[in-house]
Amino acid sequence: MIDIKLAFNELNKELGKRDCSVDLTICGGALMILTGMPSRVTKDVDFITPNMSNELKEAKDAVAKSLGYERNWLNDNAKVYMNQLPEGWESRVISFLELSYLRVFGLSRQDSISSKLKAFIDRDFDREDLIDLSPSAEEFERAVCFVRGFNLDDVQELDIQIIKGELFDE
């Protein structure tokens, strides 16, 4: 497991050595940790912007080596799901960390809930994350409206009802 704040501080130092500034927009478990879910652990940091530049790759590899992390501790694998984020998500990102060469942003709470619900009904991922986020009824209904824009099948509609029952004891 990684220490997110330590990793970002080390990444900032490595970016500084390369005189390279980066704005990262993160999602997933690392974002949940930064939003105050200390029980959540992760082995990586998923980011969706920017593209992986050579300088960022070199810096993250140097951090991996110095802290003993896997080389993909910082990765852009989540980019494949960017087309499944709510429209306008870029305008709703939240700033979490501002260092001299590194700024870290994350998806808004609503966009996180919506993307976690989409992941759950599509791939049966993120059930626990969705439950840990404890969405309000209003947040959940906004997420349901979002995912229904993807023309759901009967099984996916049933999944929505199941997770709704788990979240709200129905």
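Here are the numbers for this structure:
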read-out	value
Stretch gain in nm, segment LYS79-SER100, where the contour uses 0.36 nm per residue and the Cα spacing is subtracted	5.0 nm
Under DSSP loop assignment and at most 13 Cβ neighbours within 10 Å, longest trypsin sites (Lys or Arg not before Pro)-free interval of the chain	72-170
Estimated inter-spin distance, ASP61 and SER91, nm [label 7 Å along Cα→Cβ]	3.9
Gyration tensor over alpha-carbon atoms, the chain, equivalent ellipsoid semi-axes in Å	32, 15, 14
Share of alpha-carbon pairs per 5 Å distance bin for the range 76-148, given as whole %	3, 15, 24, 26, 17, 9, 4, 2, 0
The chain: antiparallel DSSP beta bridges as a percent of all, rounded to 5	50
Relative contact order computed over the chain (Cα-Cα under 8 Å; 6+ residues apart), in percent	21
Paramagnetic label zone (point 7 Å from Cα along Cα-to-C-beta, SER39; backbone N under 14 Å) in the range 111-133	128-133
Net length gained if the chain between SER53 and SER136 were fully extended (0.36 nm per residue, minus Cα distance)	26.1 nm
Calculated Rg and Dmax of the range 1-40 using C-alpha coordinates, Å	11.7, 35
Surface/4 of the Cα convex hull for the range 125-170, nm²	3.2
For the range 42-129: relative contact order, % (alpha-carbon pairs under 8 angstrom, 6 or more apart)	21
Cα pair distances exceeding 17 angstrom across the range 41-121, given as percent	55
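Read the figures in this text as sums done on the coordinates, not as results from a lab. Nothing here was measured: the structure is a model prediction, and the numbers come from that model. Note that we place each Cβ from the backbone using ideal geometry, even for glycine, and neighbour counts take in every protein chain shown.
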